[in-house]
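Scroll down for the structure; my scribbles are underneath it.
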Amino acid sequence: MATAKLGILISGRGSNMQSITRACASGEIPAEVAMVISNRDDAAGLAWAAEHGIPTAVLSHKDFDTREAHDEAIVTRLREAGVEWVCLAGYMRLLSSVFIEAFSNRVLNIHPSLLPSFPGLHGQRDAFDYGVTVSGCTVHIVDLELDHGPIVVQRAVQVPGCGDAGALADRILVEEHRAYPEALKRLLTRPWTLDGRRVVFGRGKS
Ligand code: GRF
């Protein structure tokens with residue numbers, strides 16, 4: 001099976017980036033991480049990527065007049081690296097249509113709640129405060145609305161036993177690290193189409 005080239009966008013710690021990279025290295029998913037880009041030069045994940053031989057770049061949104069110009073610059077760098085699929089992994093910027101159209105239906109995001117519940121910046125805390133007994137994470141195809149596009153994988157966690165929102169976030173993160181490789185594996189190894197909001201998988205390898 002052909003190896004897909006992934007680009008990963010981060011703004012911070014990069015633990016999902018690590019889980020994706022490990023899944024590529026182990027052969028779990030037929031892909032390689034061709035480029036990691038951050039909008040912040042202090043993103044801790046950059047050092048990890050560099051140590052693992054992955055090309056990295058910092059493109060700060062502060063250096064561009066518009067969101068579109070920033071996105072265009074990132075798209076250019078990703079294309080230069082041959083990237084075919086883009087994984088948002090804790091990337092704290094909204095994407096413009098420039099980006100979404102450049103990688104149509106090939107931009108993924110992970111969100112730490114069971115969407116459509118609790119979109120936004122504080123998915124774990126909002127779910128905890130609401131009092132849900134089940135939460136989890138969602139990997140979805142990115143569209144122009146925040147935390148909205150077609151769902152590829154969701155993994156649930158039990159909330160009881162979590163003393164606070166931080167404990168819930170830790171529990172969800174364990175599942176995030178499984179969900180992102182699982183989503184990539186599905187999309188890269190099976191034929192699939194979109195039927196409205198639904199990702200419909202055909203027959204494939206796993
Ligand atoms: C994760 O909780 C992810 O769901 C959210 O941002 C966090 C990023 O964590 N979008 P990391 O940088 O991958 O460790």
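Site pair Val134 and Thr189 shows an inter-label distance of 2.6 nm when each label is modelled 7 Å from Cα along Cα→Cβ.
Find out how many positive minus negative residues lie around Arg40, taking Lys and Arg as positive, Asp and Glu as negative, among other residues whose Cβ is under 14 Å from that of Arg40. Here the count lands on 0. Most simply put, the chain has about 45% antiparallel DSSP beta bridges, counting only bridges with both residues inside it. Expressed in nm to one decimal, what extension gain is obtained for the pair Val174 and Glu32 from 0.36 nm per residue of sequence separation less their Cα-Cα distance? Gain on stretching Val174 to Glu32: 48.9 nm.
Stretching Thr66 away from Arg198 to a fully extended chain increases their span by 44.3 nm, per 0.36 nm per residue minus the current alpha-carbon distance.
Of all the options Gly12, Gly196, Gly166, the one that moves most in a Gaussian network model of the chain with Cα springs shorter than 10 angstrom is Gly196. Using the Cβ of Pro181 as centre and a radius below 12 Å, the other residues enclosed give a net charge of +1, where K and R count +1 and D and E count -1.
Comparing mean-square fluctuations of Met17, Met35, Met92 from a GNM of the chain with C-alpha springs under 10 Å, the top value falls on Met92. Proximity of backbone amide H atoms, modeled 1.01 Å from N, is registered between Cys87 and Gly7, Ile8, Leu9, Leu108 at under 5 Å, excluding neighbours fewer than 5 places apart on the same chain. All C-alpha to C-alpha distances of the chain, sorted into 10 Å bins beginning at zero, yield P(r) values of 9, 35, 38, 17, 1 percent in whole numbers. For Gly7, the shell of other residues with beta-carbons less than 11 Å away shows a net charge of +1, using +1 for Lys and Arg and -1 for Asp and Glu. Counting only C-alpha contacts under 8 Å and six or more residues apart, can you give the relative contact order of the range 67-206 as a whole percent? Computed value for the range 67-206: 18 percent relative contact order.
State in Å² the accessible area per residue of the range 110-206; use a 1.4 Å probe, count heavy atoms of protein chains only, and round to the nearest integer.
For the range 110-206, the solvent-accessible area averages 51 Å² per residue.
The values are calculated or read from the model by the stated rules, or taken from the named source; none is laboratory data. Being a predicted model, the structure only gives us computed values, none of them experimental. Backbone-built Cβ (ideal geometry, glycine too); neighbour counts: all protein chains shown. Ligands, DNA and RNA are excluded from the accessible area calculation, which covers all protein heavy atoms including side chains. Shrake-Rupley method; radii C 1.70, N 1.55, O 1.52, S 1.80 Å.
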